[in-house]
1. Taking only pairs six or more apart or across chains, which ones have beta-carbon atoms under 6 Å, a first residue in the range B:22-36 that is within 13 Å of B:ALA183 (Cβ to Cβ), and a second residue that is assigned to a loop (DSSP other than H, G, I, E, B) and away from ligand 1 (no atom under 16 Å from the Cβ)?
2. Can B:GLY461 be described as of a type outside the set (A, V, I, L, M, F, W, C), in contact with a Lys or Arg (Cβ under 7 Å, 6 or more places away or on another chain) and not assigned by TED's automatic domain parsing to the domain that holds B:ARG277?
3. With the requirement that a residue be within 13 Å of chain B (Cβ to nearest Cβ) and not in a strand (DSSP E or B), what does the range A:65-92 give you?
4. Could you please let me know if A:THR79 is within 16 Å of ligand 1 (Cβ to nearest atom), touching a Cys at 6+ places or on another chain (Cβ under 8 Å) and closer than 30 Å to A:GLY268 by Cβ?
5. If the requirement is being away from ligand 2 (no atom under 12 Å from the Cβ) and at positive phi, which of these qualifies: B:GLY311, B:GLY330, B:GLY337?
6. Going by what's in this entry, would A:ALA97 be described as surrounded by fewer than 22 Cβ atoms within 10 Å (Cβ to Cβ), modelled with pLDDT of 95 or more and not basic (Lys, Arg)?
7. Considering A:SER9, A:SER17, A:SER36, which residue is within 18 Å of A:ALA342 (Cβ to Cβ) and more than 9 Å from ligand 1 (Cβ to nearest atom)?
8. Tally the residues that are at pLDDT 90 or above and in contact with a helix residue (DSSP H, G or I) (Cβ under 8 Å, 6 or more places away or on another chain), restricting the search to the range B:487-507.
Amino acid sequence: MSEVLVVGSGAAGLFSSWLLARDGWPVIVVGKGTPSSAMSTGCLRRMPEACHEKALNFLADEGMPMVTGERTGISKLGTPFECWLSPSHSTWGPEGAPGSVTVVGFQGHPSLHPNLISSVLGHQGIRARPLTLPSTLPPDIPLTALFRDEGAWEGVATEVQRTEGGTVHLPAFLSRRDYWRLDWLERQCGRTVLEAVTPLEAPGQRLLDLMRARAIEAGASIWDGRTVTSLTVENGSVRTAIVRGGLEVREMEVGALVMATGGALVNGLGLNGRELVDPFNAFKVLDDGDVLRGGYATKEGRLVSRSGNVVRNAAGAGDCVRAPCKGYGDGLPHAFESAWTAVKALEGA
Amino acid sequence: MRKDVLIIGGGATGAGIVRDLALRGVECALLEMGDYCHGASGGNHGLLHSGGRYVVTDPPSAMECAKENAILRRTAPFCIEGTDGLFVSLPGDDPSFADPFLKGCKGSGVPAEELTAKEALSAEPGLSAEALRCIAVQDGSIDPFALVQANVDSAREAGAMVRNHCRVTDMVLEGGMVVRVKALDRRSGEILTIVPEIVINAAGAWAPQVAAMAGCEVAMGLDQGSMLVVDGRLCGHVVNRLRPPSDGDITVPNHTATVLGTTSRPAASPEDVAPSRNDMELLLRETSAMLPALRHCRVVRAYGGVRPLPGRGGRGASRTFSLITDERAGNLLSVVGGKLTTYRLMAERVSDQVCNALGARAGCRTRTEPLGPPADEAGGSVALARLRRKYGFKATTVSLADQRMLCSCEQVLRAEAQMVLAGPDALTLSDVMRRTRAGMGYCQGLDCALSLQELMMEAGGTEPLASLTEFLEERERGQALASGDQLRQEVLRRHVLQGVYGLGERE
Ligand SMILES: Cc1cc2nc3c(=O)[nH]c(=O)nc-3n(C[C@H](O)[C@H](O)[C@H](O)COP(=O)(O)OP(=O)(O)OC[C@H]3O[C@@H](n4cnc5c(N)ncnc54)[C@H](O)[C@@H]3O)c2cc1C
Ligand SMILES: Cc1cc2nc3c(=O)[nH]c(=O)nc-3n(C[C@H](O)[C@H](O)[C@H](O)COP(=O)(O)OP(=O)(O)OC[C@H]3O[C@@H](n4cnc5c(N)ncnc54)[C@H](O)[C@@H]3O)c2cc1C
């Protein structure tokens, strides 16, 4: 079997590599930069219809279990965040809404803003009390720096126990390896612990770490910090790709291709002024005048050449694919669904 | 509340007047409906004119600018960067304009010196190699927010009452005189009643509306102009086009950015400030002819302002100012026109007339009395110079015990925001931003808005969502035109604010 090249190591790229690798394909994932998947909240706002069971298999993790259904959490601003899938400590189910909340923050650190959130929660009828713990940590240093030892955790447990109320609302800063700390804290102070639903921080990175581990387990090779800079298309198929990283430039034969390069935000699609363009100059992009929803044109998952013909061995998935129904902050389900469609298309070929 | 003088409008003109009068010992008050600089004083270029721009078309205005430029450099050095300015002509510009320009400079007392092409390039290396003639003048850049706030602080210190977020809503007349003025205070929701001897209408583009409250008319042309803020200082001087005043003539380096301007079109109302996509393209095209690096710059934001011009307005209208009285309301004096650069002179003239009417004798002190210290006085630290640049005399009240950063784009300390929040003027997030510059950088507040709001809550703020929404909407305004990297930044902002926090409409 010839190699499948997956371009982009965000949710769409990693889920498709997992699916392909499990079916026995040799898969190479090439990825650069921080994918938007790592910037997300790590929660799926709706069920990825066609493939939710597969997605759940893919995201199965004992250390950071996922919960699904009608879930609600509290965003870092204190506003309600509704979703279908989240890590267990981020949300509650239909019956579990907190009656009162203690919002824990660290003085002068932007990880969580107790007074702000308490006030916003108050307006929603949730009784909330701010608890600001002393800190001199600079704002650009993650909170993990304060939690290098047991003592710090015990300190928080003690402080929290001094307050009244139900749920404890905490900043989201734990890595996938340390996620168990939340269970520990819950047992220690006998209160439900709820992490703030937070973009651009630990939760997205955790999700990405989990997905990478799963793809590697399934047999995919991940080439990090490299960029696919050009592709050749001959007789309706992608033939070769140039991969660059550091001082190395490599040309490889491509059996099949999954384009999962993400949207304009991560330079997956190029921008000419406000117009979306294909950086490879090979495939058709439908712009619709909308940076978020525009992207590669696809036919049943497969990419379309600039002249309008379906490319036999190339499929597209995730943010780089045109998706007229996508909104801000909810692209992960689409990344999963389109990856599923892309893999079906390639395996059918 | 009785006051000798009530000033309506807290732009540069109103703030200058209240300070001038207060320093002369007149009991006065100023009410501003938004924050200071809510009007043209916040929606301008920040160019401290040398006068050069007007020497050919409007010499009286040029003379005023030249004199005031020199005075402000002395009295308000903290908020002025003495960048100096260049006027350059390019192929296609009328070559015969340079000579009357030089002659006009001489006639209007605007110091000017022609440079050779080589001298020009060594002074401003980013200048187009095609530049034909180049004349150096004493333009500078000025921070209007800091300038106006310093006037307000100084007026308060001299005993004046100055309030922002108080909108004048009604005037009651008796026997051809304004006897009572009512205003709505946004902080308390209460109606304030002031009983003034004299009312000064310094409401800029809103002057006709304010005059109408007293049954008077003020003729005024409203003219909108757009500006672009680009990331980084892409020139060392103010760079102007050496041609009759036209669109896209000026680039001003200011703080961490360069401001490109400006355009001119009739405005439907004082609020009609929005720049168009055409304006933006025109500004980039025209200014990059002078400074080619601007072709590849990152446009952070577009904004606009409405010029209150006397008479019918338009590019041709004079930039001098006039004082208007009307017998239908004998104690109402309207002041219209002028420039930011000449605000002090306008204030002096108005105050002279007011003192005359009140029989007060004291003379004007603003020609010499300092508004703030030089930013980089010998012996001061770099940190202090940075603070002085924004806060003038108040810089020393910023506590440096906690030196943590609040806004990393603009390098603003938490302590700066805390100092501003402890003062009487900050009601909204935008108020803090205008004073500290937090949120003005290329992430447009994404990084610091929540931290800033938390500080506001600690200082006793309420309604955080309304406050944040107002702030973020304002920052978003210029983003409809974003492209390239700034558009990427905008996508990120929307993912966070709209997608995750649920602010604004979810599409
Ligand atoms: C702040 C934020 C919060 C969000 N929150 C949520 C949320 O809560 N829930 C949700 O469902 N969605 C959320 N989203 C949207 C979601 O993150 C994206 O829709 C999704 O992650 C897209 O995944 P992807 O795999 O298509 O792209 P990405 O995750 O962006 O991955 C694409 C990767 O490909 C790389 N790449 C591009 N070109 C090349 C090349 N030539 N060679 C090699 N690599 C290349 C890119 O650098 C990038 O790393 C959020 C987005 C943001 C920005
Ligand atoms: C696009 C543009 C670029 C410019 N560039 C420059 C430049 O580079 N250099 C320069 O020197 N000049 C420049 N100017 C001119 C300069 O900005 C203005 O002349 C000056 O700011 C006018 O100040 P002002 O106080 O008279 O008016 P404004 O600043 O408009 O102040 C009027 C104030 O009155 C308030 N107000 C109105 N109605 C009420 C009410 N009912 N109750 C209470 N308050 C009320 C408003 O909120 C407003 O704050 C520029 C102007 C524009 C529009």
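The values are calculated or read from the model by the stated rules, or taken from the named source; none is laboratory data. All values derive from a computational prediction rather than experimental measurement. Note that we place each Cβ from the backbone using ideal geometry, even for glycine, and neighbour counts take in every protein chain shown.
1. Listed pairs, sorted by first residue: B:LEU30/B:GLY10; B:GLU32/B:GLY10; B:GLU32/B:ASN164.
2. Details: of a type outside the set (A, V, I, L, M, F, W, C): yes; in contact with a Lys or Arg (Cβ under 7 Å, 6 or more places away or on another chain): no; not assigned by TED's automatic domain parsing to the domain that holds B:ARG277: yes.
So B:GLY461 does not fit the description; no.
3. Of everything in the range A:65-92, those that are within 13 Å of chain B (Cβ to nearest Cβ) and not in a strand (DSSP E or B) turn out to be A:LYS76, A:LEU77, A:GLY78, A:THR79, A:SER90.
4. Values: within 16 Å of ligand 1 (Cβ to nearest atom): yes; touching a Cys at 6+ places or on another chain (Cβ under 8 Å): no; closer than 30 Å to A:GLY268 by Cβ: yes.
Answer is no for this residue.
5. Values: B:GLY330 fails: at positive phi; B:GLY337 fails: away from ligand 2 (no atom under 12 Å from the Cβ).
Only one candidate passes the filter, namely B:GLY311.
6. Details: surrounded by fewer than 22 Cβ atoms within 10 Å (Cβ to Cβ): yes; modelled with pLDDT of 95 or more: no; not basic (Lys, Arg): yes.
No, not satisfied.
7. On the way: A:SER9 fails: more than 9 Å from ligand 1 (Cβ to nearest atom); A:SER36 fails: more than 9 Å from ligand 1 (Cβ to nearest atom).
Exactly one residue qualifies, and that residue is A:SER17.
8. Here is the first cut: in the range B:487-507, the residues at pLDDT 90 or above are B:487-503.
Now restrict to residues that are in contact with a helix residue (DSSP H, G or I) (Cβ under 8 Å, 6 or more places away or on another chain): B:487-488, B:490-493, B:495, B:497, B:503.
Count: 9.
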